Amino acid sequence: MRIRAYETRDAVAVTAMLMPVFRAGDTYTIDPEIAPDAALAYWTGPERHVFVVEDDGRLLGTYYVVRNQKGGGSHVCNCGFVTDPQARGKGVARAMLDHALAKARELGFRAMQFNFVVATNTRAIAIWEGAGFEVVGRLPGAFRHPEQGYVDALVMYRAL
C-alpha cells in the first residue's frame with residue numbers, strides 16, 4: 001500500500017469511491033443526490049490537500065486535509081476519509097489516518113478536529129479513539145440517519 005497525492009488521473013476512481021458513500025447518506029452530511037462531478041469538486045476543493053491509497057495500481061481509499069477555520073482557528077485542521085468498500089477491514093482507514101496526522105504536522109497544524117462524526121459510524125469512531133482522539137462534544141439528534149432516524153453527531157479532537 002502506498003499513499004500519494006491525488007492527481008487528476010485519479011478522478012474516475014475517486015468519484016467511484018465517493019458516490020456510494022454519499023448516496024448511502026449515513027455518514028456524511030452531503031446531499032445523497034449530489035451529482036458525481038459535484039462530489040468530486042467538493043472532495044478536491046480549494047485549499048484541500050487530497051491523497052489516495054494505491055495498491056497494485058488500484059485505489060483503495062482517499063482522504064483530504066483542510067484548515068478547519070480561518071483566522072484564530074487556522075491552526076486546527078479537519079479531514080474527510082473514504083475507503084473503497086472492497087478494501088474495508090484491511091487497515092486502509094488507519095493507514096490514511098496515520099498519514100493524515102503526519103501530513104497535518106508537516107503542514108503546520110497543531111490539532112485535528114472532526115466536526116460531525118455520526119454516532120452510528122462506530123468503525124470510524126473506534127479508529128479515531130484508538131489514535132488518541134477524544135469526544136469533546138455531542139450534538140443530540142443532529143444527524144438524520146436514513147434508517148435510524150435522528151442520531152447524535154460527535155465532535156472529536158486531538159492535539160498534534
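No value in this document is a laboratory result; all are computed from the given coordinates. All of these numbers come straight from a predicted model, not from anything done at the bench. Virtual Cβ from ideal backbone geometry, glycine too; neighbours counted across all protein chains shown.
What is region 47-139 by shape, rounded, prolate or oblate, if you read a ≥ b ≥ c off the alpha carbon gyration tensor as root eigenvalues and call it rounded for a/c under 1.5, prolate for a/b larger than b/c, and oblate otherwise? Here region 47-139 falls in the oblate category.
Could you grab the relative contact order for region 1-113? Cα pairs under 8 Å, six or more apart, rounded to a whole percent. Let's see the in-between values first.
On the way: 169 pairs, mean separation 26.3, N = 113.
That works out to 23 percent.
Diffusion coefficient of the chain by Stokes-Einstein, Kirkwood radius over Cα pairs, 20 °C, 1.002 mPa s: 133 µm²/s. With loop membership from DSSP and a limit of 14 other Cβ atoms within 10 Å, the longest segment of the chain without GluC sites (Glu not before Pro) is 48-146. Using C-alpha pairs below 8 Å separated by at least 6 residues, the relative contact order for region 88-160 is 37 percent. Around the Cα centre of the chain, unit charges on the Cβ atoms of Lys, Arg, Asp and Glu (plus for the first two, minus for the last two) sum to a dipole of about 420 debye.
Summarising the amide proton neighbourhood of ALA111: residues at separation of 5 or more, or on other chains, whose placed amide H is nearer than 5 Å comprise CYS77, LEU160. Computed from backbone phi with θ = phi - 60° and the Karplus coefficients 6.51, -1.76 and 1.60, the 3J(HN,Hα) list for region 19-32 is 4, x, 5, 5, 5, 4, x, 10, 9, 10, 8, 10, 4, x Hz; x is used for glycine and proline.
Report, in deg cm²/dmol and to the nearest 500, the calculated mean residue ellipticity at 222 nm for the chain, where each DSSP H run with n ≥ 4 adds -39500 (n - 2.57) and the sum is divided by the residue count.
On the way: 4 runs with 46 residues, N = 160.
The per-residue figure over the chain is -9000 deg cm²/dmol.
Averaging 1/r over every pair of different alpha carbons in region 68-111 and inverting the result gives a Kirkwood radius of 11.7 Å.
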